[in-house]
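The next block holds one structure in the form of structure tokens; read it before the comments.
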Amino acid sequence: MTSASTKLPFQAEVAQLLHLVTHSLYSNKEIFLRELISNASDACDKLRFEAINDGGLYEDQPNLEVRVTFDKAARTLTIADNGIGLSKQEAIDNLGTIAKSGTKDFMSKLSGDQKADAQLIGQFGVGFYSGFIVADKITVESRRAGMVAGEGVRWVSGGAGDFEVETIDRPQRGTSVTLHLREDAEDYLNAWKLKQVIGKYSDHISLPILMEKEEWKEGENDQPGDMVKTGEWEPVNKASALWTRAKKDITPEQYSEFYKTISHDYEAPLAWSHNRVEGSTEYTQLLFIPSKAPMDLWNRDKSAGLKLYVKRVFIMDDAEALLPSYLRFVKGVIDSADLPLNVSRELLQESRDVKAIREGSTKRVLAMLEDLANKAAAAASAKAAEDAQPADEAKTAEDAKPADEANADDEVTDVVDKKEDAAETHSEDAGKYAKFYAEFGAVLKEGLGEDHGNRDRIAKLLRFASSASDTVSVSLADYKARMKEGQEAIYYITADTLAAAKNSPQLELFKKKGIEVLLMTDRVDEWALSYLHEFDGTPLQSVAKGAVDLGSLQDEEEKKAAEAAAETFKPVLERLKEALKDKAEDVRVTTRLVDSPACLVVKDGGMSTQLARMLKQAGQPAPELKPVLEVNADHALVKKLETSAHFDDLANILFDQALLAEGGMPQDPAAYVRRVNALLI
Ligand SMILES: Nc1ncnc2c1ncn2[C@@H]1O[C@H](COP(=O)(O)OP(=O)(O)OP(=O)(O)O)[C@@H](O)[C@H]1O
């Protein structure tokens with residue numbers, strides 16, 4: 001039965017994306033085949049999963065497969081599967097809209113510059129729509145498993161503003177996607193070329209990808225010979241899931257292509273780890289660390305990146321129970337030998353096997369990161385050794401421990417590495433950790449609050465800028481190694497920007513004393529750091545909180561002088577407190593300032609004014625904070641207070657300037673300007 005076809009418009013974002021696909025992705029045409037074969041394979045996975053509870057869905061075709069055919073005369077290429085298929089409504093919904101989170105954000109980032117956009121589109125993943133890179137028309141015919149032959153669907157589009165759908169008779173289950181190739185894409189009408197592209201991108205697909213065999217036939221009557229189809233089908237891929245193969249049989253390129261298929265990323269991964277884990281629970285893990293953050297990394301509800309299989313049967317995408325949220329950037333596959341096939345998301349949350357997988361995978365990811373970090377450190381000290389005197393050589397050699405040795409304390413106790421499956425992380429170059437950290441460092445920090453058990457390991461992986469280094473490269477261990485004799489804490493400051501942190505008045509005393517201070521500018525820093533009270537036995541101390549106590553680093557003389565100054569300054573302090581009683585919790589004489597007249601601090605354990613500001617901006621409830629104003633009794637402006645006829649104005653200016661210096665905004669900016677101007681005239 002066929003019905004009249006209906007013309008429907010694409011969702012606006014699809015139309016926009018299609019325009020970009022055809023205009024920007026030209027340099028990497030062949031990926032369309034990977035995308036369509038990957039969709040066909042997903043459709044077969046879905047059928048296998050639904051058939052666990054309803055074997056009838058297989059009808060008379062239990063062998064799932066993908067067939068690739070071409071017709072030179074008609075200039076068409078068809079990718080057909082006997083997977084789950086699409087109902088008419090599903091075709092309308094799935095092939096006319098983009099349901100992905102972050103779509104809007106993605107669209108807004110497109111610049112119109114083809115090269116930059118192609119990169120972005122690559123990260124976003126265009127899936128089915130990539131067919132339009134090579135086709136000026138696509139016909140999809142499909143019947144959903146479980147529906148009758150009369151409920152087939154035909155979907156046709158030229159890739160512009162709309163598509164047409166109609167009901168058709170379709171006895172065979174599954175989907176066939178026929179690409180009507182553009183003139184300049186005719187090279188895909190060639191078995192050799194297709195096999196080559198399939199081998200490159202889709203060899204790891206666990207289903208057989210079949211193509212019709214061809215034979216050379218000599219031409220007759222002086223005509224040239226040609227390849228002719230024999231009617232026999234042959235598989236053109238290995239048809240075994242990549243993660244089930246022995247590591248020695250998998251090349252780095254194959255790992256990389258597999259990663260690209262599951263992640264829809266265009267770039268190769270930074271590192272991966274492939275292991276068979278045995279012990280109380282058995283599973284295979286293949287985990288990848290991407291090179292680039294996706295658009296929606298900051299969405300903590302974003303789908304997780306792991307696919308769950310049970311005994312090679314695909315169960316679900318985005319299995320968030322398999323890794324903690326702070327490792328949501330990791331992509332890969334977990335194939336469990338123990339979980340039941342009909343496991344649900346709810347069941348996953350409670351399963352002991354899943355808990356073991358989660359712990360094992362978390363440790364594996366951290367080990368991968370440690371490996372990258374160690375390689376970076378080894379390269380840095382090798383470089384330092386090159387520049388250094390021979391006397392330094394012994395020390396450098398020890399520092400530059402090989403990564404494997406450094407990982408020897410890896411606690412993945414339930415990993416029994418078989419010889420050929422030994423846990424091993426692949427990464428070549430030393431810059432990878434810095435690259436990883438620039439993309440994902442801020443997310444990793446969430447782990448300090450989220451994963452208490454691994455807090456120390458995560459702390460070791462953190463990198464910061466500091467008053468001694470503008471680049472985000474200082475580890476807490478580096479900092480500790482450079483601490484001054486007598487220094488009792490790791491000092492840090494949080495601010496909105498690196499410039500604000502670096503030039504903060506709070507740093508003046510530390511600069512004068514030559515004490516390094518870590519500069520933190522990520523939004524999560526203050527929250528994350530509130531979970532890290534110490535590192536390797538040394539407490540962490542914000543330089544903007546509490547009174548400065550540099551312990552034995554502080555000069556006795558200086559301390560005494562400050563106390564004396566505070567004493568003589570007392571009457572002015574009292575007047576200041578009175579003048580600022582609505583704004584400041586307290587006013588005191590400081591020892592932390594050298595050049596600036598005043599700064600704001602919060603009480604020990606209190607929330608910084610910066611965090612409170614951020615919470616307010618985000619519409620979250622934040623406590624009304626009254627900071628403490630610390631004044632530098634040696635500063636000319638502060639000295640002027642005592643005799644000033646404009647005491648109140650000057651007091652308010654001091655307070656508001658301290659606020660401005662740390663990136664804040666006076667409560668009443670106009671009043672501030674008025675006061676300053678009055679004094680200027
Ligand atoms: N061969 C197919 N059989 C059944 N459904 C399909 C097939 N190809 C595509 N679809 C449906 O169309 C939807 C959209 O496909 P598309 O490739 O654009 O995105 P996706 O696969 O969901 O996302 P991504 O490719 O980024 O993972 C799929 O989610 C699926 O529901």
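Throughout, read-outs are computed from the coordinates displayed, never taken from laboratory work. Treat the numbers as computed from the prediction; the structure is a model and nothing was measured. For neighbour counting, all protein chains shown are included, and Cβ atoms are generated from backbone atoms with ideal geometry for every residue, glycine included.
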TODO: Provide the per-residue ³J(HN,Hα) series for region 528-543, in order, calculated from phi with Karplus coefficients 6.51, -1.76, 1.60 and θ = phi - 60°, each as a whole number of Hz, with x at glycine and proline positions.
DONE: 5, 5, 5, 9, 10, 7, 8, 10, 6, x, 10, x, 9, 9, 6, 6
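Rank these for me by crowding, LYS583, LYS513, LYS217, LYS307, going from fewest to most other beta carbons within 10 Å. Before the final figure, lay out each step's value.
On the way: LYS583 18, LYS513 14, LYS217 11, LYS307 22.
In increasing order of surrounding Cβ atoms, one gets LYS217, LYS513, LYS583, LYS307.
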- [ ] Take every Cα-Cα distance within region 602-681, group them into 10 Å bins from 0 onward, and report for each bin the whole-number percent of pairs it holds.
- [x] 16, 43, 29, 11, 1
- [ ] Quick one: net charge around THR261, please, counting Lys, Arg +1 and Asp, Glu -1 for every other residue with C-beta under 12 Å from its C-beta.
- [x] 0
Task: For region 78-88, Karplus couplings with θ = phi - 60° (6.51, -1.76, 1.60), whole Hz, Gly/Pro x - done: 10, 10, 10, 10, 10, x, 5, x, 10, 7, 4
Task: the chain, Cα convex hull volume normalised per residue, Å³ - done: 224 Å³
Open item on the list: Just to compare against my own numbers: the Cα pair-distance distribution for region 195-266, 10 Å bins, whole % per bin, please.
Closed with: 18, 36, 21, 16, 7, 1
Open item on the list: Can you tell me the orientation of helix 556-579 relative to the chain, as the angle in degrees between its alpha-carbon axis and the longest Cα principal axis, to the nearest 10?
Closed with: 90 degrees
- [ ] Compute the acute angle (0 to 90°) between the alpha-carbon long axis of helix 191-202 and the principal axis of greatest extent of the alpha-carbon atoms of the chain; round to the nearest 10°.
- [x] 30 degrees
Open item on the list: Would you work out the Kirkwood radius for region 527-681? I mean one over the mean of 1/r across all pairs of different Cα atoms, in Å.
Closed with: 16.9 Å
TODO: Give the Kirkwood hydrodynamic radius (Å, one decimal) of region 525-581, defined as one over the mean of 1/r across all pairs of different Cα atoms.
DONE: 14.5 Å
Task: Local electrostatic count, VAL228, Cβ distance below 14 Å [Lys/Arg +1, Asp/Glu -1] - done: -4
Open item on the list: Sorted from largest to smallest, which semi-axis lengths in Å does the alpha carbon gyration tensor of region 1-60 give for its equivalent ellipsoid, taking the root of 5 times each eigenvalue?
Closed with: 31, 21, 11
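By per-residue mean of other Cβ atoms within 10 Å, what is the highest-first order of 365-376, 245-256, 172-183?
Those peptides, ordered most packed to least, come out 365-376, 172-183, 245-256.
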Task: C-alpha long axis of helix 669-680 to longest principal axis of the chain, angle in ° - done: 40 degrees
- [ ] State the dimensionless ratio Rg/Rh of region 339-378 (Rg: radius of gyration of Cα atoms; Rh: Kirkwood radius).
- [x] 1.27
- [ ] Show that you can apply the helix-only estimate: for the chain, add -39,500 (n - 2.57) for every DSSP H stretch of four or more residues, divide by all residues, and state [θ] at 222 nm to the nearest 500.
- [x] -11000 deg cm²/dmol
